[in-house]
Amino acid sequence: MRFLQIRHSVPSAILAIGISSLLANIATSVMFTGTALYMRTVLVTSVAAVGMLEACVEAIAYAIRIFSGVLSDCLRKRKPIILVGLILLCIAKPMLAFSRTVWQIFLARTVDRIGNGVQATPRDALVGEIAPKEKKGTCYGLRNSLSVIGSTLGGVFGVVIMRATNNDFQQMFLLATIPSILAIIVFVKFVKEPKTELLSKRRKIKFADLKLLGTRFWLLMLVVFIYMLGRFSEVFITLLACEKYKMNIGYGTSIPIIYNLIATLTSYPAGRFADRYGGINVLLFGIMMAIVSHITIFFAANINHLILGTVIWGINVGIGQSIIAALVATYIPKDLRGTGFGVYYLLTAASTSAASIIAGIVSDYVNNGSAAFFGGAVFCSIALLLLLFFSKKFK
């Protein structure tokens, strides 16, 4: 019954986009967590090297997002660009399976992140165009919830394959190609781009368009930039669980299962609350959850405390990803949605890349994997204060 209610409250194309994202994220989650564990246990690299690799590939992904967003605005076409990204995501999985050096891993991860960057911005812009005005939060929440379900199932997929193959990373990466192929099939078959006057004419790319994004958008971007400085890669939670609390690496992907499951349960309700009570109010609560999760993990005395912090982290992820996307889609002009999302992702790239580099260096220098989480709490607290300060300007 719940599924039927969701099905009738949002357009079917958004449901199809969400399912395609679910399938793609199953494969991406395996690649994301498995790479860090493979580098640490097989190639015996430092935590700083893992952080540097994650920072570099994420920076590439987010840098690509602004260009794909601007290009989709210029061409007035979203679907072909999204499809190219999904194909690159599929190619990256077998590349990683046959990687034997850090540089080969870097190349495979780069292809994966380029694919993610190419499809993410026009996908979010397409959701904004299909979603009814009064249900934008709901639609973005559902799309994000389905994406996170994919990440959760990816964690389960990783655990099952690792246990069945006696921790064979190569087989796990190779099998991750299957859901990537299914994601392409679902997207091609069930997602149709709306034909409107807005999308019928091409427009020139102009830097002056950045001014047209509006004051509310740029104030939101300032808050998001600082907030994301505290949102470094989740692989640091996995590494902390395996190294400080001695979790078996075969169960390493269970950490993403936890926070992704909670994010899944949070995203859709958060979107509906945003439609009813305002996105800024819900985002304030999400950032507070980020602060609590960082502090809980920093002071964790055992694996149970770490898991509690991971659960709260999932609440923060579920709220943040859905609400920020809905606010961006609401604040910017319709014909600049791709550009707006591209700017959002570019700024996120800069902050999260810096966050992962700092977290890796701090973890090695202090010789305490939990030290980085204290810094994350500080940045999130600053973002919270800024959002409170500017809250009247968002109305």
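At a glance:
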| item | result |
| --- | --- |
| Every pair of residues 6+ apart whose Cβ atoms lie under 7 Å, when the first sits in the range 357-371 and is modelled with pLDDT of 75 or more while the second is crowded, with 20+ Cβ neighbours inside 10 Å and outside any helix (DSSP H, G or I) | Ala359/Phe232; Ser370/Ala300 |
| Residue tally, condition among the charged types (D, E, K, R) and surrounded by fewer than 24 Cβ atoms within 10 Å (Cβ to Cβ), over the range 121-145 | 5 |
| Matching helices (runs of 4 or more DSSP H) fully within the range 1-120 where at least 2 residues are crowded, with 17+ Cβ neighbours inside 10 Å, under 17 Å from the mean Cα position of the chain (by Cα) and not basic (Lys, Arg) | 12-41, 47-75, 79-97 |
| Failed condition for Thr253, given (1) surrounded by 24 or more Cβ atoms within 10 Å (Cβ to Cβ); (2) more than 17 Å from Ile26 (Cβ to Cβ); (3) at pLDDT below 75; (4) of a type in the set (Val, Ile, Thr) | (2) |
| Exclusive hit being touching a residue at least 24 places away in the same chain (Cβ under 8 Å) and farther than 22 Å from Met52 by Cβ, set Ile237, Ile255, Ile280 | Ile280 |
| Residues of the range 116-171 satisfying the condition of being in contact (Cβ under 8 Å) with a residue 12 or more places away in the chain, of a type in the set (Gly, Ala, Ser) and farther than 28 Å from Gly271 by Cα | Gly158 |
| Residue match in the range 89-110 (condition: basic (Lys, Arg) and closer than 22 Å to Asn144 by Cβ) | no |
| Subset of the range 334-350 [more than 22 Å from Pro80 (Cα to Cα) and either touching a Lys or Arg at 6+ places or on another chain (Cβ under 8 Å) or surrounded by fewer than 20 Cβ atoms within 10 Å (Cβ to Cβ) (or both)] | Leu347, Ala349, Ala350 |
| Asn167, sole failed condition from (1) more than 21 Å from Arg76 (Cβ to Cβ); (2) in a helix (DSSP H, G or I) | (2) |
| Options Val156, Val148, Val160; residue that is surrounded by 24 or more Cβ atoms within 10 Å (Cβ to Cβ) and among the β-branched types (Val, Ile, Thr) | Val148 |
| Helices (runs of 4 or more DSSP H) wholly inside the range 217-310 that include at least 2 residues being more than 24 Å from Asp364 (Cα to Cα) | 254-277, 279-298 |
| Residue match in the range 260-276 (condition: crowded, with 23+ Cβ neighbours inside 10 Å, more than 19 Å from Ala131 (Cβ to Cβ), in contact (Cβ under 8 Å) with a residue 12 or more places away in the chain and among the hydrophobic types (A, V, I, L, M, F, W, C)) | yes |
| Cβ pairs under 6 Å, 6+ apart, first in the range 325-341 and under 23 Å from Tyr268 (Cβ atoms), second of a type in the set (Ser, Thr, Tyr) and buried (at least 24 other Cβ atoms within 10 Å of the Cβ) | Ala325/Tyr140; Ala326/Tyr140; Val328/Tyr344; Phe341/Thr121 |
| Tabulated pairs, the range 199-223, first farther than 11 Å from Asp73 by Cβ and aromatic (Phe, Trp, Tyr), second assigned to a loop (DSSP other than H, G, I, E, B) and at pLDDT 65 or above, C-beta under 6 angstrom, 6+ apart or interchain | Phe217/Ile332 |
| Selection status of Arg203, at pLDDT below 85, within 30 Å of Ile105 (Cα to Cα) and exposed (fewer than 15 other Cβ atoms within 10 Å of the Cβ) | no |
| Residue that is nearest to Val223 (Cα to Cα), among those in the range 289-309 that are of a type in the set (S, T, N, Q) and at pLDDT 90 or above | Ser293 |
| Qualifying residue in the range 366-377 (condition: surrounded by fewer than 19 Cβ atoms within 10 Å (Cβ to Cβ) and not in a helix (DSSP H, G or I)) | yes |
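The values are calculated or read from the model by the stated rules, or taken from the named source; none is laboratory data. None of these values were measured; they are calculated from a predicted model. In this analysis, Cβ positions are derived from the backbone assuming ideal geometry, glycine residues included, and neighbour counts consider all displayed protein chains.
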